[in-house]
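Student: The structure's right below; bear with me while I get my questions together.
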Amino acid sequence: MHNKTIAQLSAGLARGEFSSVELTQSYLERIKRLDVQLNSFITQTGDLALEAARAADARRAKGEAGPLTGIPIAHKDIFCTQGVKTSCASKMLDNFISPYNATVIERFAAAGCPMLGKTNMDEFAMGSSNETSVYGPVKNPWDLQRVPGGSSGGSAAAVAARLAPAATGTDTGGSIRQPAALTGITGIKPTYGRVSRFGMIAFASSLDQAGPMAHTAQDCALLLNVMAGFDPRDSTCVDQPVPDYTATLDQPLKGLKIGLPKEFFAEGMEPEVAAVIEAAVAQYRQLGAICVDISLPNSGLSVPAYYVVAPAECSSNLARFDGVRYGYRCAQPKDLLDLYTRSRGEGFGAEVKRRIMVGTYALSAGYYDAYYLKAQKVRRLIADDFKRAFSEVDIILGPTTPTTAFKLGEKTDDPVTMYLSDIYTIAVNLAGLPGLSMPAGFAQGLPVGVQLIGSYFDEARLLNAAHQYQQHTDWHTRLPTGFEG
Ligand code: GLN
């Protein structure tokens, strides 16, 4: 069963070939047997999953099943789950049992999707390798010596190894697309405001967005149908109708205009990665798309702008973790100040502290104009570049990452090199656009992802373009050695 897509599993459930209980059990068994190698789950919720699976089967028996009823999925441990530990992979929240559900969790529960567990991630979603988790790094199923990418590395590894048919992720600067690329799966970061952020622990509020990670664009469409939509509990969630993302998957691509930004094809990309991206462009030409060169002149400023904006917002968001109301508290504080400083000093890891310090500095009186305001102005220029591009083309295509999965420990001592892993993904968050990554080939046995970027609320077009590509290629069906059976 584990080699099937959600669309296939859903058809199997509908035909009564297996029950949701059987399906859920088979994934729980795989997690038990195989996750010792990967460390992709922080918490396994087998009992809850089976209870939900029984309810899904009962619902189906009554003829009330929807397309995802009975399909088990995993959730990134950044989403609040009522009664279940929600840690953000931080010592700070190691003891936190959420009293409520995130909207994304509620929507999947209402659709009838049993939750298999909570997936590992970089601490507070800060990282590109899943090495900043207090629960230890996640391994890439394609090579256990390598990282799965981050910050949604647990979700990516679990899906790639078929420990779950799909998982949720969040993407602030690339955290759905980059790990999807490094593990050979498909993931989409929707337009900012498309999916509710309520109950999704905030990293950088103006950039964070949740999205699905699965094997195919079709599966992502089914999942986004559930996730997307207005939520009055998130003031940045946009009240705009949600199309059925599966309805347009089969549209032919003839005449689709694809922009190839010259800045994304410049040096820095590994030659083998470049070759895969060029092959993807050739495939799109064969499908009738018209590929044209474009320029995003300010995209080189996206990493520096992001590393002012994101830390600034994180320093403000993470101020709530003070050891008073919930989360980690240091032992025997002398006084209130000691309680604050030691709880935070002991509860947060090095990367989170680095960001809080950078952000606090950038927001300080006297520096605000020089850094934060400047970065916001650059952000506008980046968004304007895309706006100009989308007046000429329908979608933009480029690499998701400059390299394939790197070795564990390879970049941990050099934060700036680590930050550059997101060089092609970050501009999309700064502009608030939707972006998708899907597998497009291999370089030395490791998956390579191609990125498609769309205009605002144009997720359907990205999913259509990815689905058509996947109808003519089979990269998305490959299984890492050791996880076949
Ligand atoms: N790697 C980027 C960072 O560390 C992006 C993380 C994310 O998208 N959550 O900030």
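Student: Indicate the gyration tensor shape class of the stretch 161-208 (rounded, prolate or oblate), computed on the Cα atoms with a ≥ b ≥ c the square roots of the eigenvalues: a/c under 1.5 is rounded; otherwise a/b larger than b/c is prolate and the rest oblate.
Tutor: prolate
Student: Still on this structure, please answer the following. Bin all alpha-carbon pair distances of the stretch 273-352 at 5 Å intervals from 0 and give each bin's fraction as a whole percent.
Tutor: Cα pair-distance distribution for the stretch 273-352, in percent: 3, 11, 13, 12, 9, 8, 7, 7, 8, 7, 7, 5, 3, 1.
Student: Where nothing but the Cβ of Lys and Arg (+1) and of Asp and Glu (-1) is charged, how large is the charge dipole of the chain around its Cα centre, in debye to the nearest 20?
Tutor: Charge dipole, the chain, about its Cα centre: 560 debye, nearest 20.
Student: Express the Stokes-Einstein translational diffusion coefficient of the chain in µm² s⁻¹, to the nearest whole number, given a Kirkwood radius over alpha-carbon pairs, 10 °C and a viscosity of 1.306 mPa s.
Tutor: It diffuses with D of about 72 µm²/s by this estimate.
Student: Based on the mean of other beta carbon atoms within 10 Å per residue, what is the order of 291-302, 326-337, most packed first?
Tutor: Final packing ranking: 291-302, 326-337.
Student: Do any trypsin sites (Lys or Arg not before Pro) in the stretch 225-289 lie in a DSSP loop with no more than 13 other beta carbon atoms within 10 Å, and if so, which?
Tutor: Arg233, Lys254
Student: If you place +1 on the Cβ of every Lys and Arg, -1 on the Cβ of every Asp and Glu, and leave all else neutral, what size is the dipole of the stretch 288-393 about its Cα centre, to the nearest 20 Debye?
Tutor: 300 debye
Student: Describe numerically, in nm with one decimal, the distance between label points set 7 Å from Cα along Cα→Cβ at Ala350 and at Arg59.
Tutor: 4.5 nm
Student: Let me ask something else. Bin by bin, in steps of 10 Å, what percent of the Cα pairs in the stretch 415-471 do you find, going until the bin that has the longest distance?
Tutor: All Cα pairs considered, the percentages come to 21, 43, 30, 6.
Student: With a 10 Å radius around each residue's Cβ, average the other Cβ atoms per peptide and rank 456-464, 22-30, 165-173, highest first.
Tutor: The densest-packed peptide leads the list: 165-173, 456-464, 22-30.
Student: Loop only per DSSP, at most 13 neighbouring Cβ atoms within 10 Å: give me the GluC sites (Glu not before Pro) in the stretch 243-308, ordered by residue number.
Tutor: Hits after loop and neighbour filter: Glu267.
Student: Which distance in Å, rounded to a whole number, links the C-alpha centroids of the stretch 137-191 and the stretch 67-131?
Tutor: Comparing the Cα centres of the stretch 137-191 and the stretch 67-131, I get a distance of 15 Å.
Student: Label the stretch 356-475 by shape, choosing from rounded, prolate and oblate, from the square roots a ≥ b ≥ c of the eigenvalues of the Cα gyration tensor; if a/c is under 1.5 it is rounded, and otherwise prolate applies when a/b is larger than b/c, oblate when it is not.
Tutor: Oblate, since a/c reaches 1.5 and b/c is not below a/b.
Student: Additional query: Whole percent per 10 Å bin, from 0 to the bin with the longest distance: what is P(r) over all C-alpha pairs of the stretch 19-94?
Tutor: With 10 Å bins starting at 0, P(r) equals 18, 42, 31, 9, 1.
Student: Under a no-solvent Debye model with one identical scatterer per Cα of the stretch 96-190, what's log10 I(q)/I(0) at q = 0.15 Å⁻¹?
Tutor: -0.55
Student: Is the stretch 137-227 rounded, prolate or oblate when judged by the Cα gyration tensor, a ≥ b ≥ c being the square roots of its eigenvalues, rounded requiring a/c under 1.5 and prolate requiring a/b larger than b/c?
Tutor: It comes out oblate by the Cα gyration axes.
Student: Once the other residues with Cβ under 12 Å from the Cβ of Cys220 are scored (Lys, Arg +1; Asp, Glu -1), what is the net sum?
Tutor: Around Cys220, the charge tally is 0.
Student: Can you compute the label reach from Thr473? Point 7 Å from Cα along the Cβ direction, backbone N cut-off under 18 Å, restricted to the stretch 135-171.
Tutor: Answer for the stretch 135-171: 160.
Student: Given R₀ = 56 Å, what would the calculated FRET efficiency be for Ala365 paired with Glu278, taking r from the Cβ atoms and rounding to 0.05?
Tutor: For Ala365 and Glu278, the calculated efficiency is 0.70.
Student: Then there's this: Report the label-to-label distance for Arg388 and Asp293 in nanometres (one decimal), using points 7 Å from each Cα along the Cα→Cβ vector.
Tutor: Between Arg388 and Asp293, the simple spin-label model gives 1.6 nm.
Student: Hey, could you pull the Cα Rg and Dmax for the stretch 154-290, both in Å?
Tutor: 16.5, 47
Student: Taking a virtual spin label 7 Å from the Cα of Glu484 along the C-beta vector, which residues in the stretch 143-162 bring their backbone nitrogen under 19 Å of it?
Tutor: 143-144, 160-162
Student: Separation between the Lys254 and Ser205 pseudo-spin-labels, each 7 Å from Cα along Cα→Cβ, expressed in nm?
Tutor: Distance between label points: 4.9 nm.
Student: I would also like to ask the following. Identify, among Ser98, Leu207, Ser235, the residue whose Cα sits farthest towards the positive end of the charge dipole of the chain, taking +1 on the Cβ of Lys and Arg and -1 on the Cβ of Asp and Glu, with the dipole about the Cα centre.
Tutor: It is Ser98.
Student: Taking the Cα centroid of the stretch 414-461 and of the stretch 252-305, what is the distance between the two, rounded to the nearest whole Å?
Tutor: Value for the Cα centre distance between the two parts: 11 Å.
Student: OK, next. Would you mind getting me the FRET efficiency between Asp414 and Asn3? Use the beta-carbon distance for r and R0 = 45 Å, nearest 0.05.
Tutor: About 0.70, to the nearest 0.05.
Student: Among Tyr306, Thr24, Val393, which residue has its Cα furthest toward the positive end of the charge dipole of the chain, with +1 on Lys/Arg Cβ and -1 on Asp/Glu Cβ?
Tutor: Thr24
Student: Could you rank the peptides 109-116, 383-390 by their average count of other C-beta atoms within 10 Å per residue, with the highest value first?
Tutor: Ranking, from highest mean packing down: 109-116, 383-390.
Every number in this text was worked out from the coordinates using simple rules, so none of it is lab data. Please read these numbers as outputs of a predicted model, since none were measured by experiment. Note that we place each Cβ from the backbone using ideal geometry, even for glycine, and neighbour counts take in every protein chain shown.
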